[in-house]
Amino acid sequence: MSWRSESLWIEFITGSRKTSNFCWAFILFLGSLGFLLVGTSSYLGKNFISLVASQEILFFPQGIVMSFYGIAGLFISCYLWCTILWNVGSGYDLFDRKEGIVRIFRWGFPGKSRRIFLRFLMKDIQSIRIEVKEGVSARRVLYMEIRGQGAIPLIRTDENFTTREIEQKAAELAYFLRVPIEVF
């Protein structure tokens, strides 16, 4: 999602609040809870889950292993839910030709660096770079090259843009910023 005018371009960046993240966090939570319940029921000798009789699973070693996997899964699920709650990675890219400034803002994890704010002068932008790697794990990323500071990614690396979409986006942004495009 973006907003454009003659001298201003704002690109909103989606963070962790994506449908796939909600699904994975929920599935992982339910699966790890199931493992923990089976492990606990084997220790206590009570059937918490009707599908598996507690007498069929010995506490040592199966019950301990299932409890460990359940606890580990709950920790990972909690981490995913926290990144969704905090919306890590969301923010915006603001390109202002009138002021000659580029502002990049992202939300991070809570703490001192929760707000990640970068500011550059437009005259320091060297180029817009496209990196395309095809194959089993295809990767298409759009970067902004800054003189003396390297490349800054402008889109999430896990977004599945087609080559045509990434080229179109790069062309529009390079035209707006009046810089060349590099392809790697």
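The values are calculated or read from the model by the stated rules, or taken from the named source; none is laboratory data. This structure is a prediction, so every number in the text was calculated from the model and none was measured. Glycine gets a Cβ as well: all are built from the backbone with ideal geometry, and neighbour counts include every protein chain shown. In case anyone asks, the SASA skips ligands and DNA or RNA and just uses the protein heavy atoms, side chains included. Shrake-Rupley method; radii C 1.70, N 1.55, O 1.52, S 1.80 Å.
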- [ ] Pop a pseudo-label 7 angstrom from the Cα along the beta-carbon direction at both Q126 and L33 and give the gap in nm to one decimal.
- [x] 5.1 nm
- [ ] Kindly report the accessible area of segment 83-174 per residue (heavy atoms of protein chains, probe 1.4 Å, no ligands, DNA or RNA), in Å².
- [x] 56 Å²
Open item on the list: Rounding to the nearest 10 and keeping the result within 0 to 90°, find how far the Cα-based axis of helix 64-86 lies from the longest principal axis of the chain.
Closed with: 30 degrees
- [ ] Could I have the simple spin-label model distance between F26 and I57, label points 7 Å from Cα toward Cβ, reported in nm to one decimal?
- [x] 2.4 nm
Task: Contour minus Cα-Cα distance for Q149 and S90 (0.36 nm per residue) - done: 19.0 nm
Open item on the list: Taking 8 Å as the Cα distance limit and 6 or more residues as the minimum spacing, I'd like the relative contact order of segment 18-84 as a percentage.
Closed with: 45 percent
TODO: Would you count, across the chain, every pair of lysines whose alpha carbons are under 28 angstrom apart, provided the pair is eight or more residues apart or spans two chains?
DONE: 7
- [ ] May I ask for the angle, rounded to the nearest 10°, between helix 163-177 and the longest principal axis of the chain, with both axes built from Cα atoms and the value confined to 0 to 90°?
- [x] 40 degrees
TODO: State the extension gain, in nm to one decimal, for the chain segment bounded by I101 and R119, taking 0.36 nm per residue of separation less the distance between their alpha-carbons.
DONE: 5.8 nm
Task: Inter-probe distance in nm under a simple model that places probes 7 Å from Cα toward Cβ, at K112 and I10 - done: 3.1 nm
Open item on the list: For the chain, what does the relative contact order come out to in percent, with C-alpha contacts under 8 Å and a separation of six or more?
Closed with: 18 percent
TODO: Provide the FRET efficiency to the nearest 0.05 for the Q168-F75 pair, computing r from the beta carbons and using R0 = 25 Å.
DONE: 0.05
- [ ] Quick one: what are the phi-derived ³J(HN,Hα) couplings along segment 16-33, Karplus 6.51/-1.76/1.60 with θ = phi - 60°, whole Hz, x for glycine and proline?
- [x] 7, 7, 10, 4, 4, 5, 4, 4, 5, 5, 5, 4, 5, 4, 5, x, 5, 5
